[in-house]
Amino acid sequence: MKILVEYHAQARAAVGSGRESIELGDGATVRQLLDRLTALHGDAMRAMLSTSLIFVGDEQVKKDGRVDLSDGDVVSVISPISGG
């Protein structure tokens, strides 16, 4: 199945692109996707994912929970923003 990953803010800078399509096996989870992204993009992605928010569609999901993905899902990686 194909998953579209969209990168925002600092995540975009870490990857060097705003989006990419990732091929995963049927029944893959968000955790498996994040593991694949780390394997593809190395330490910069590992560091980014430790603080990023992850959304499947419009729903925020836990990075360590078992959230099943479906073909065509859009997963967003968003860096938290702080300010005052």
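Just a few scattered comments:
- Condition met for Leu37 (surrounded by fewer than 17 Cβ atoms within 10 Å (Cβ to Cβ), within 16 Å of Lys2 (Cβ to Cβ), of a type in the set (A, V, I, L, M) and touching a helix residue (DSSP H, G or I) at 6+ places or on another chain (Cβ under 9 Å)): no
- Segment 53-75 residues that are farther than 14 Å from Val5 by Cα and modelled with pLDDT under 95, paired with ones that are small (Gly, Ala, Ser) and surrounded by 14 or more Cβ atoms within 10 Å (Cβ to Cβ) (beta carbon under 9 Å, 6 or more apart): Lys63/Ser52; Asp68/Ala28
- When the strands (runs of 3 or more DSSP E) confined to the chain are screened for residues that are in contact with a Phe, Trp or Tyr (Cβ under 9 Å, 6 or more places away or on another chain) and charged (D, E, K, R), those reaching at least 2 such residues are found at 19-23.
- For segment 1-13, filtering for residues that are over 14 Å from Leu34 (Cα atoms) and of a type in the set (A, V, I, L, M, F, W, C) leaves 3.
The values are calculated or read from the model by the stated rules, or taken from the named source; none is laboratory data. In this text the structure is predicted, and so the values were computed from the model without any measurement. Cβ atoms come from the backbone with ideal geometry, glycine included; neighbour counts cover every protein chain shown.
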